[in-house]
1. Of all residues in the stretch 175-222, how many are crowded, with 17+ Cβ neighbours inside 10 Å, hydrophobic (A, V, I, L, M, F, W, C) and part of a strand (DSSP E or B)?
2. Of the residues in the stretch 295-316, how many are farther than 14 Å from Leu333 by Cβ and not aliphatic (A, V, I, L, M)?
3. Filter the stretch 112-121 down to the residues that are surrounded by 13 or more Cβ atoms within 10 Å (Cβ to Cβ) and more than 14 Å from Cys154 (Cβ to Cβ), then identify the one that is modelled with the lowest pLDDT.
4. Among the residues of the stretch 54-71, is any more than 27 Å from Tyr155 (Cα to Cα), of a type in the set (A, V, I, L, M, F, W, C), buried (at least 16 other Cβ atoms within 10 Å of the Cβ) and at pLDDT 75 or above?
5. Determine, yes or no, whether Ser387 is modelled with pLDDT of 85 or more, farther than 21 Å from Phe292 by Cα, outside any helix (DSSP H, G or I) and more than 31 Å from the chain's Cα centre (by Cα).
6. Take the conditions in contact with a Ser or Thr (Cβ under 7 Å, 6 or more places away or on another chain) and at pLDDT 80 or above and apply them to Asn102. Does it pass?
7. Just give me the residues in the stretch 80-105 being surrounded by 21 or more Cβ atoms within 10 Å (Cβ to Cβ), among the small types (Gly, Ala, Ser) and closer than 18 Å to Asn123 by Cα, in sequence order.
8. Would you confirm whether or not the stretch 328-338 contains a residue that is part of a strand (DSSP E or B), touching a helix residue (DSSP H, G or I) at 6+ places or on another chain (Cβ under 6 Å), crowded, with 19+ Cβ neighbours inside 10 Å and at pLDDT 85 or above?
Amino acid sequence: MGLLALNHLMSFQRRRCWRRRRGEIRPLNGLVASLVNGKRSNYKDDDNPQGGKRMRFSGPDLPEDIWGHIHSLMPLQDAARTASVSHAFLRSWRCRPNITLNSTTLGLNEDVHGENKIASDFNSRADHILKKHSGIGLRTLKIEFCGYSANTHCYLNSWLEFALTPELEELTLLLPLKKAKYCFPSSLLSSGSGNSIRHLNLPWCTFTTTVGLDSLKKLTSVYLHEVRITEEELGCLLSNSSALEQLNLTYCYKITCLKITCHMKRLSCFSVLECDKLRVIESKAPNVSSFFISGGQLEVSLAESLEVKNITLSMDCAISCAPVKLPSVVPNLEILSIISSCEAVSTPLSPNKFLHLKVLSISLHGAAFSPAYDCFSVVYFLDAAPSLETFVLGVSQLRMQHDSIIGDPSDPHL
C-alpha cells in the first residue's frame, strides 16, 4: 500500500471517528473494545484532566501484520510520529525491523539548517526516534551521520548499546570522523550481542581491544574503510567467521600481513585496496571466485583454486608477474584486469597458458615506467590466451623510448 492509499485510509478513519462521536454510525468491533452504554466500541475512555472523559480511537479491525505492513511503508519520521496515533502503530513502531538514519530520512537540509546546526539536529532527532523503539525485533541499523559535533560519540555509544542485541543482523556506520576516529565498543559484542550479525560496515573506526571480536560467528560480509585495525585484531575478527562470503578492506594502513585461512570455505570474493603498509597477502580459502587487489609492492600467495574466475590486479609490476604466476595457480581464470603504473621490464615470455581466459583488460599509466619498457610486449597475452574474446589496452605514459618502426624520423626522405 502506497503513501497515497495510506493517507486515504487515515482520512477515512478520521471521518469515521467524527461520525461515530455524533452517533451517525455504529462502531465496528475493534482491536481494543470497551463497553459504552452496553454497546461495543472502538474507543477507550481516558481520564480528562479537566474532569471529563476523552475517547481515544484504537484503530479499525485489521490484523496486526497488515498494520505493520502499512506502517513499514511510511517515511521514518512519519512512522515515528504516528506511533502516538494508535496502539497498533505504537506496537508496530516499537518492533520496526529496519531503521536508516540519514539526512533524507530525518528531513535535514544543509541549505536550510546550516552546516553547523545540522549535526546537532541530526543527533537530537535520531536520539528521539530511537528512544521510541523498544529494540525488540531490530534487524538492520544504518546510521549515516551529517557533520560532527562534540557529543556525537556519546550519542553513538548509547545507540549501539541499545541496538546491539542478539537479533541485530546488519550494522552500518558511515561516520564523517576522519579527524576524530570513533572507537568501536567491541566489548558490547562479548555478551552474545554479536551472534546474529551478518553484515558489518564500519568506515573510519578504530579498535582498542579484541574483546568481543571473536563472537561474530555468523558474519557473511565485512567492509572496513580507513579503519585502524591491526592484523592481530583483524585475525581475531575473522577467527570464527567460517560463514564469511565477502571481505573488503580499504585504506586500512595498520595491516602489514593478511592471511585468509582454509577454514573460510564460504568466502567467494575479497578486495584489498590501498592498504599502504600491507606487504603480504596469503589466501588459502578454497572457494574464492573473484578478488581485487590494489597497492604498491605486494607479495601475493594463492592456494591453487579451480573456482577463481575473475581477478583485478592494480599494483606495481603486475603485468610482469601475471604471466608467470597466475596460469598455474588459477587455471580456470576467465576475466583478468591489470592496472599498472610501474613496470621495470617488458612482459616476459612464458610457456604457461590462460586456457580459459575470455576477457582481458590492461591499463598502463603513470611516469614510473622505465624508458625502455615496450608497452607492445603485452601482445604476449594474445598468444597465451587461445579462448580470448575481448582485449582492451589503455596506455597513458609521460615518457617512452622505442625504436621507430619506419626508420630515422630526421631523415628528410621519410
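1. 3
2. 7
3. The extreme case among them is His113.
4. Within the stretch 54-71 (the criterion being more than 27 Å from Tyr155 (Cα to Cα), of a type in the set (A, V, I, L, M, F, W, C), buried (at least 16 other Cβ atoms within 10 Å of the Cβ) and at pLDDT 75 or above), the answer is yes, since at least one residue qualifies.
5. Criteria met by Ser387.
6. The answer is no for Asn102.
7. Of everything in the stretch 80-105, just one residue is surrounded by 21 or more Cβ atoms within 10 Å (Cβ to Cβ), among the small types (Gly, Ala, Ser) and closer than 18 Å to Asn123 by Cα, namely Ala80.
8. Checked the stretch 328-338: at least one residue is part of a strand (DSSP E or B), touching a helix residue (DSSP H, G or I) at 6+ places or on another chain (Cβ under 6 Å), crowded, with 19+ Cβ neighbours inside 10 Å and at pLDDT 85 or above.
The values are calculated or read from the model by the stated rules, or taken from the named source; none is laboratory data. Worth saying up front: this structure is predicted, and the values here are computed from it rather than measured. Glycine also receives a Cβ, built like all others from the backbone with ideal geometry; neighbour counts cover every protein chain displayed.
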